[in-house]
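Structure first, then comments.
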Amino acid sequence: MIFTVVGARPQFIKAAAVSRALAAAGLREVIAHTGQHFDASMSGVFFTELEIPEPAYNLGVHSAGHGAMTGRMLEKLEAAMIVEKPDVVLVYGDTNSTVAGALAAAKLHIPVAHVEAGLRSFNKRMPEELNRIVTDHLSTQLYCPTQAAAANLSREGIHAGVHAVGDVMYDMCLASAVRAEERSTILGRLELAPGSYAVATIHRAENTSDAAQFARVIDWLSGQARERPIVMPIHPRTAKLVAGLDRELARIRIIEPLGYLDMTRLVHQSAAVFTDSGGLQKEAYFHRVPCVTLRSETEWVETVAAGWNRLWTSDRYEPRKDIADYGDGRASEKIAALIGSLSAG
Ligand code: UD1
């Protein structure tokens, strides 16, 4: 049996793709939701829209400092794993939920499978970088979305169990394209014409834990908004900062966080994406929309090399080309086949 740990918004999207493939392969999965993201718009909507199986465990851990949050998750996940006795624990990405799941499993001698292994920003001030390094070094199966990620692991001496399978978010994007077009009413609701606007998101600690840095990001976005209006679905962490902002947000339209289908549609029809999210940098490329990353480095280096993404510290894109790394929409199937060899069913 596979014990899956999820907790934060991007993990629901990745788990939706892989859960489908696990079910199709006849593998039994028990899902634990740590509770890290808990608002209906940050969690519930993804389970409903993407038909993710109901979690067997809802641990209710959120809104605490990194140590307290990770520690509480660790304790509760360990207790659940002792009861469930899984063959393998499956974790996603780089959040506190990821590292708590990996550490709980490794201490119980349960194999850990990590989806989105090997990403590195080489900036250890990012909480996510610490979570990635620790999780990768505890994992027995490491599913890399790109060749660059696999090479990072090799440089750290991790060779066994490394598989460059492609990107599960790309699987989800392909699987949902038609549904997003048919079901999402976001453009009508916001009265937006295709191609007339840009999309922005900001939530990273490096941009939101300091008011002066947040103001710099807003000023940069305001400059861009002179060219075309910006729609900005807002993370709860960022909403608190916007409330205290002493600047006009002319032509930056703040809206509530969106579900997956609405966000897919909004990005698909946009003219540009400005973000500090990892997932959105890639999604912009999936929809062939140019992106500017509001950070001083990115883990998704191939999006920059292929000319679809640039850091806001650089003023030009590389020549544009396609990216082969993300695969053909069957990364989740490959993961199900690999993880099946660890699970007794
Ligand atoms: C977390 C991840 C980050 C990931 C992001 C995706 C870590 C260290 N960070 O950051 O890697 O990119 O998720 O969105 O794990 N909040 C709500 N309602 C919610 C969710 C959060 O009000 O549904 C509030 C929390 O109470 C907290 C703040 O938002 O005050 C930040 O939430 P937290 O889970 O600590 O980190 P994120 O910034 O979401």
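The values are calculated or read from the model by the stated rules, or taken from the named source; none is laboratory data. All figures in this text were calculated on a predicted structure; none of them were measured in a lab. Reconstructed Cβ throughout: ideal geometry from the backbone, glycine too, with neighbour counts over all protein chains shown. Heads up: the accessible areas ignore ligands, DNA and RNA and are worked out on the full protein's heavy atoms, side chains in. Shrake-Rupley method; radii C 1.70, N 1.55, O 1.52, S 1.80 Å.
Dipole of the chain (Lys/Arg Cβ +1, Asp/Glu Cβ -1, origin at the Cα centre): which of ALA8, HIS235, ILE82 lies farthest to the positive side? Looking along the dipole axis, the top candidate is HIS235. Histogrammed with a bin width of 5 Å, the alpha carbon distances of the range 197-269 distribute as 3, 16, 28, 26, 17, 8, 1 percent, first bin at zero. For the chain, with all protein chains in place and a probe radius of 1.4 Å, 53% of the accessible heavy-atom surface sits on carbon or sulfur. Secondary-structure-derived ellipticity at 222 nm for the chain, considering helices only, amounts to -13000 deg cm²/dmol, per-run term -39500 (n - 2.57) for DSSP H runs with n ≥ 4. If you take the square roots of the eigenvalues of the alpha-carbon gyration tensor of the range 1-49 and sort them as a ≥ b ≥ c, do you get rounded (a/c under 1.5), prolate (a/b over b/c) or oblate? Prolate.
If you take the square roots of the eigenvalues of the alpha-carbon gyration tensor of the range 1-155 and sort them as a ≥ b ≥ c, do you get rounded (a/c under 1.5), prolate (a/b over b/c) or oblate? In terms of gyration-tensor shape, rounded. Under the shape rule built on the C-alpha gyration tensor, where the axes satisfy a ≥ b ≥ c, the range 44-83 is oblate, since a/c reaches at least 1.5 while a/b does not exceed b/c. Each Lys and Arg contributes +1 and each Asp and Glu -1, all at the Cβ; summed about the Cα centre of the range 232-345, the dipole is approximately 220 debye. With the whole protein complex present, PHE38 retains an accessible surface near 110 Å², based on a 1.4 Å probe. What translational diffusion coefficient, in µm²/s and rounded to a whole number, does the Stokes-Einstein relation yield for the range 161-288 at 4 °C and a viscosity of 1.567 mPa s, taking the hydrodynamic radius as the Kirkwood radius over Cα pairs? Answer from the Stokes-Einstein relation: 83 µm²/s. Per residue, the accessible area of the chain comes to 41 Å² when a 1.4 Å probe rolls over the protein heavy atoms. Measuring between alpha carbons in the structure, the pairs from LYS76/LYS334; LYS85/LYS124; LYS14/LYS321; LYS240/LYS334; LYS124/LYS282 lying more than 32 angstrom apart are LYS85/LYS124; LYS240/LYS334.
Projecting the Cα positions of GLY340, ALA272, LEU261 onto the charge dipole of the range 247-345 (unit charges on Cβ atoms of Lys, Arg, Asp and Glu, taken about the Cα centre) puts ALA272 furthest along the positive direction.
In this structure the amide hydrogen of VAL231, modeled in the peptide plane, comes within under 5 Å of the amide hydrogens of ALA198, VAL199, ALA200, ARG253, none closer than 5 places in sequence on its chain. Expressed as a fraction of 2.2 N^0.38 Å, the C-alpha radius of gyration for the chain is 0.95. Surface calculation, 1.4 Å probe, protein heavy atoms: LEU338 sits at approximately 40 Å² accessible.
Peptide packing for 10-17, 213-220 was compared via the average number of neighbouring C-beta atoms within 10 Å per residue; ordered from the highest value, the list is 10-17, 213-220. A Cβ-based charge dipole, computed about the Cα centre of the chain with Lys and Arg at +1 and Asp and Glu at -1, lands at about 360 debye. Other residues lying with their Cβ under 14 Å from the Cβ of SER154 contribute a combined charge of 0, Lys and Arg counting +1, Asp and Glu -1.
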